[in-house]
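Since every read-out is calculated from the coordinates, none of them should be taken as a lab result. Note that this is a predicted model, so its numbers are computed, not measured. With ideal geometry, Cβ positions are generated from the backbone for all residues, glycine too; neighbour counts draw on all protein chains shown.
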Amino acid sequence: MVKQTVKVDPQLIKQGFQINELTMGDAETGNKLWVCQDSQQLLNSQQEIQANIPKELLQCKQVSRDINFSSAHAIKKLNLKQTFNLNGQPIEQFSFDFGFVIPGSTNNWQSIIQASEVMIPVEILSGNLVVETKFYDEDNLICSINVRIFYV
């Protein structure tokens, strides 16, 4: 018997993908410093979103980023790429792999990011930092989000 794999149309994956909540906090203490519960607005937006994030986040040795998401369809290999742009110039890039997503599921995806030993001052970052996040199924783009960060 030959096992058949069903390929889901990338457009259907895009339509069935939803971010329920996005949080960031201190990974060492577990203290959540920022919560975005209206994160669905981030998806498929052609506009840049603005986020007010507590500047205490920049003092954490390790930052926890938690994404709660749902998918109506199977995703073979969910991954994301983040580019941090300061005044339009990339200064850092990260890639994260989640893997297979069960159709009709809701999932929590936690990533721990080690802080740099030398931080750019908050006065330079605030309002000038745009984080571009792209979600993929393998190489197929699911969605792209651009968030301008203001540290408060």
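What ranking of 151, 136 emerges when the number of other C-beta atoms within 10 Å of each C-beta is taken as an exposure proxy, fewest first?
151, 136
Taking the Cα-to-Cβ direction at residue 144 and at residue 118 and moving 7 Å from each Cα, how far apart do the two end points lie in nm?
3.1 nm
Residue-wise, which Karplus ³J(HN,Hα) couplings in Hz belong to the range 47-56, taking 6.51 cos²θ - 1.76 cosθ + 1.60, θ = phi - 60°, and x for glycine or proline?
Once rounded to whole Hz, the list reads 9, 6, 9, 10, 10, 9, 10, x, 5, 4.
Under 5 Å between amide hydrogens, which residues at least 5 positions from residue 20 or on another chain qualify, with H placed 1.01 Å from N in the peptide plane?
Amide H to amide H, under 5 Å and 5 or more residues apart or across chains, residue 20 pairs with 68, 69, 70.
Please report, largest first and rounded to whole Å, the three semi-axes of the ellipsoid equivalent to the chain, where each semi-axis is the square root of five times an eigenvalue of the C-alpha gyration tensor.
30, 16, 14
Report, in deg cm²/dmol and to the nearest 500, the calculated mean residue ellipticity at 222 nm for the chain, where each DSSP H run with n ≥ 4 adds -39500 (n - 2.57) and the sum is divided by the residue count.
-1500 deg cm²/dmol
Taking θ as phi - 60°, what are the ³J(HN,Hα) couplings along the range 78-92 by the Karplus curve (6.51, -1.76, 1.60), each to the nearest whole Hz, with x for Gly and Pro?
6, 8, 9, 10, 10, 10, 9, 10, 10, 6, x, 10, x, 10, 8
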